[in-house]
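Asker: Quick one: structure below, then a few questions.
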Amino acid sequence: MTDHSEILMNRTTLAKPLGGRLSRLASGHVIAPPLVFAVMLGAVWLLNPNYLSPFGISIVAATAAPILLLALGQATVLNVGSIDLSNAATSLLGTILLAMILPGYGFWGILAILALVTVIGAIVAYAQVPSFALTLGTLGVLQTAALVTSDSQTIYLGANRELVSTLYTTNVGFVPLSFWLAVAVALVFWAALQFTRAGQSMTAMGKNETAAILSGVPVRGLRIAAFAVSGFLGGVAGLAILAQAGSASASGIGSALLLPGIAAALVGGASISGGQTNPLNVIFGALTVAFVPMAIQALGVGAQSQSLVYGLFIILVVALTTTRSRGIVIK
Amino acid sequence: MSSFARHRIPDGSAQSARLVPPERWRAALRHAPLGMILSIVVLAVVFTWANPRFGSVENLQNLLYQVAVPLIVVVGTTMVIQMGSIDLSVQGVMGASGMAWILMSPNSRLAVDFGPWAWVAALALGLGLGLLAGIVHARLKVPSFVVTLGTWYIGLGIGVLLYGNGMLPSLTSETLARWPTRLTLGVPNAFWLAAAALGLGLLVMNYTRLGRGILAIGNNETIAGAMGLPVASIKIMAFAVAGLLSALAGILATMQLGSGSPDIGSGQLFTVIPAAVIAGTALSGGEGGVVRSALGVFLLILLNNGLVLAGVDPDFQSGIFGAILVVAIIAVSWPLRGRLKVAK
């Protein structure tokens with residue numbers, strides 16, 4: 001019931017006077033992600049402005065691009081109240097498949113990955129199993145699939161290399177194309193959530209699934225769609241990784257992106273219990289996560305404390321931004 | 001509320017009708033994880049048939065040795081999952097405590113030996129990380145998934161900082177390095193330690209206010225709170241116990257390896273959560289138990305050991321665990337499907 005009124009509220013927000021919109025914006029989870037990033041940027045600028053050179057910016061953006069794509073996928077799934085632990089493994093397998101079949105069939109590789117993850121989503125929706133356990137299982141399967149398809153070797157890009165590497169080598173305003181691509185995806189995702197029936201239904205489903213079912217929201221189809229989006233963006237992230245690295249392996253850049261992807265979505269204000277996602281803030285979440293290692297160096301703390309700072313950061317940001325109004329039970 | 005009736009509160013109040021022994025045994029048998037035991041037996045028979053070495057005494061001892069570390073971890077993980085929360089931090093806590101322990105025990109990097117104080121410090125570190133997670137989760141109302149993701153990184157960070165840039169710290173005391181493998185009554189000491197942790201977990205879950213409170217929260221947190229249970233303190237205690245057990249597992253794993261590494265817990269999360277889930281501990285809380293989860297760990301380790309002996313590449317381990325997890329959870333939840341059921 002509240003979900004309906006919230007949906008209606010979302011729709012009517014656009015017509016509201018500026019004052020009402022500003023007061024909505026002021027709530028913590030909306031304003032915090034850009035603020036956190038700005039504070040970190042400011043601190044680094046004060047202490048060591050050299051890190052904000054065009055070169056530094058381009059490195060942060062290139063690192064942030066695959067994280068952002070994975071985080072956007074994760075945010076889609078989180079928004080419907082599920083979680084996808086296998087999306088980084090999907091992107092890893094995608095990278096390997098892309099590198100192997102790029103001379104000729106690169107596009108079909110992405111489509112094959114898309115089909116695969118749609119199946120995973122369908123299992124979650126139809127077998128009604130908890131996504132955490134299921135995607136933990138598919139994570140293992142996909143990791144092994146990556147090892148087997150690559151034969152545990154590193155695959156270097158040969159022919160048609162420039163098809164992919166342009167994403168990394170072309171800069172627009174110091175920032176590689178892959179990052180702009182991810183930002184474009186975020187914009188499209190934001191518009192889809194705000195203005196389409198499917199987007200609004202997904203948010204309703206995340207807020208209260210039982211209410212959504214009773215209101216006739218096609219919950220199964222939407223959950224499948226959310227997982228398909230996550231997998232598809234995993235594949236696109238694979239493209240960005242391949243563009244940057246020029247090679248693919250089961251233990252390459254993509255293998256450790258699961259937690260940064262989740263962290264970026266959470267720091268970007270997505271709620272782990274569903275029903276709350278702002279793709280535009282996820283951009284800042286990904287930038288923050290990509291910027292932390294550099295900020296630590298700039299502050300002169302030493303690279304070894306990176307994980308420690310990461311951990312404190314996630315807890316701090318989520319503790320500051322999480323909404324506690326909806327229901328009293330937090331799991 | 002049939003599930004509530006099962007969770008008797010052991011303070012002898014009027015509601016907790018004591019069952020007479022035969023009734024009790026029959027009730028216990030009805031809830032026994034016969035499917036799990038059967039799967040373990042079938043697997044053991046198949047593997048022995050595939051490679052007779054599987055059933056040898058040496059291999060069985062080896063199996064008990066391998067099962068020890070995940071067994072200790074799974075006791076804590078199960079307690080947290082039964083409460084309806086999740087603990088992702090095990091690998092980080094293991095790394096931090098393992099490093100703390102080895103740097104305070106006789107090692108090749110520092111000429112120190114704090115003896116039992118090394119244990120105390122390492123366990124206290126794990127307890128502290130668990131308390132941190134519990135307090136942030138229960139008092140600041142941050143979802144446990146996020147908090148323990150954070151303490152995973154924090155633990156890993158502490159491990160990396162302790163590791164530093166120096167040389168690999170390896171254990172120089174022969175007595176300590178040999179202790180896990182040495183046999184007592186034909187069973188490796190490592191397994192005795194795990195069995196003690198399991199026994200303790202069983203006692204806590206069945207006969208203490210903490211254990212019964214954990215189950216009550218897992219069944220329905222709102223009702224548990226309304227009945228006057230101290231929900232926040234129970235949650236904090238559960239995470240603290242889980243941290244303590246992860247620390248113990250970190251020490252044992254370090255001893256088994258003979259040298260310290262922040263990554264000592266690598267892969268444990270991927271063993272213990274599938275083990276708990278396969279054994280019937282629902283991630284929504286209130287179901288399952290430590291003994292079931294322990295059987296789940298046995299099943300997975302047995303499977304891994306048997307497949308290696310049968311000549312399957314160890315690289316396939318995560319794929320096989322994953323496939324089993326997928327099949328098992330679908331099979332378990334298939335009959336429970338319904339139009340209005342919400343599965344997240």
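The values are calculated or read from the model by the stated rules, or taken from the named source; none is laboratory data. Small disclaimer: the values here were computed from a predicted structure and weren't measured. Ideal geometry is used to build each Cβ from the backbone, glycine not excepted, and the neighbour counts take in all protein chains shown. Areas reflect the complete protein model, heavy atoms only, side chains present, ligands, DNA and RNA absent. Shrake-Rupley method; radii C 1.70, N 1.55, O 1.52, S 1.80 Å.
Asker: Suppose each label sits 7 Å from its Cα in the direction of the beta carbon; what would the A:Leu299-B:Asn51 distance come out to in nanometres?
Answerer: 4.9
Asker: Still on this structure: Leaving ligands, DNA and RNA out of it, rank B:Asp87, A:Asp151 by accessible area with a 1.4 Å probe, largest first. Numbers along the way, then the final one.
Answerer: On the way: B:Asp87 5, A:Asp151 105 Å².
Descending order: A:Asp151, B:Asp87.
Asker: Another question, then. Does chain B come out rounded, prolate or oblate by the C-alpha gyration tensor, with a ≥ b ≥ c the root eigenvalues, rounded set by a/c under 1.5 and, if not, prolate when a/b is larger than b/c and oblate if not?
Answerer: Details: a/c = 1.68, a/b = 1.22, b/c = 1.38.
Oblate, since a/c reaches 1.5 and b/c is not below a/b.
Asker: Can you give the FRET efficiency to the nearest 0.05 for A:Ala184 and A:Leu214, using r as the Cβ-Cβ distance and R₀ = 35 Å? The partial results should precede the final answer.
Answerer: Numbers: r = 36 Å, r/R0 = 1.04.
Here the calculated transfer efficiency is 0.45.
Asker: Taking 0.36 nm per residue of separation and subtracting the Cα-Cα distance, what length does fully extending B:Met167 through B:Asp315 add? Mind showing how you got there, number by number?
Answerer: On the way: separation 148, 0.36 × 148 = 53.28 nm, distance 2.86 nm.
That works out to 50.4 nm of additional length.
Asker: Follow-up. Sequence-distant or interchain residues sharing an amide H contact under 5 Å with B:Asn107, placed H: which?
Answerer: When sequence neighbours closer than 5 places are left aside, the close amide H contacts are B:Val112, B:Thr172.
Asker: Working out 0.36 nm times the residue gap between A:Thr170 and A:Ser251, then minus their Cα-Cα distance, what length gain in nm do you get to one decimal?
Answerer: Numbers: separation 81, 0.36 × 81 = 29.16 nm, distance 2.64 nm.
Contour length minus the Cα-Cα distance gives 26.5 nm.
Asker: Note down the nm distance, to one decimal, between modelled labels 7 Å out along Cα→Cβ at A:Gln153 and at B:Ala195.
Answerer: 4.9
Asker: A further question on this structure: So how far apart, in nm, are the two label points at B:Thr175 and B:Asp113 if each is 7 Å from Cα heading toward Cβ?
Answerer: Once both label points are built, they end up 0.7 nm from each other.
Asker: How large is ³J(HN,Hα) for each residue in region B:101-113, as worked out from phi by the Karplus curve 6.51 cos²θ - 1.76 cosθ + 1.60 (θ = phi - 60°), to whole Hz, x for Gly and Pro?
Answerer: Couplings: 5, 5, 6, 9, 9, x, 9, 6, 9, 10, 8, 10, 8 Hz.
Asker: For chain B, modelled as a GNM with alpha-carbon contacts under 10 angstrom, which of B:Pro274, B:Pro262, B:Pro116 fluctuates the most?
Answerer: Largest GNM mean-square fluctuation: B:Pro116.
Asker: Give me, ordered by chain and number, the residues 5 or more places off B:Ser259 or on other chains with an amide H under 5 Å from its own placed amide H.
Answerer: B:Leu171
Asker: Still on this model: How would region B:159-272 be classified by its alpha-carbon gyration tensor: rounded, prolate or oblate, with rounded meaning a/c under 1.5 and the a/b versus b/c comparison settling the rest? List each step's numbers first, then the result.
Answerer: Values: a/c = 3.52, a/b = 1.82, b/c = 1.94.
Oblate shape, in that a/c is at least 1.5 and b/c is the bigger or equal ratio.
Asker: Separate question: Per-residue HN-Hα couplings for region A:269-284, Karplus 6.51 cos²θ - 1.76 cosθ + 1.60 at θ = phi - 60°, whole Hz, x for Gly and Pro?
Answerer: Rounded to whole hertz, the list is x, 6, 8, 6, 8, x, x, 8, 8, 10, x, 5, 6, 4, 4, 5.
Asker: Can you grab the distance from the C-alpha centre of region B:169-192 to the C-alpha centre of region A:201-244, Å, no decimals?
Answerer: Result: 50 Å between the Cα centres.
Asker: So, one more: Under 5 Å between amide hydrogens, which residues at least 5 positions from A:Ile155 or on another chain qualify, with H placed 1.01 Å from N in the peptide plane?
Answerer: Amide H neighbours of A:Ile155: A:Ala248, A:Ser249.
Asker: Does region B:67-167 classify as rounded, prolate or oblate by the C-alpha gyration tensor (a ≥ b ≥ c root eigenvalues; a/c under 1.5 gives rounded; else a/b over b/c gives prolate, otherwise oblate)? Each step should come with its number before you reach the end.
Answerer: Working: a/c = 2.34, a/b = 1.84, b/c = 1.27.
Judged from the Cα gyration tensor, region B:67-167 comes out prolate (a/c at least 1.5, a/b above b/c).
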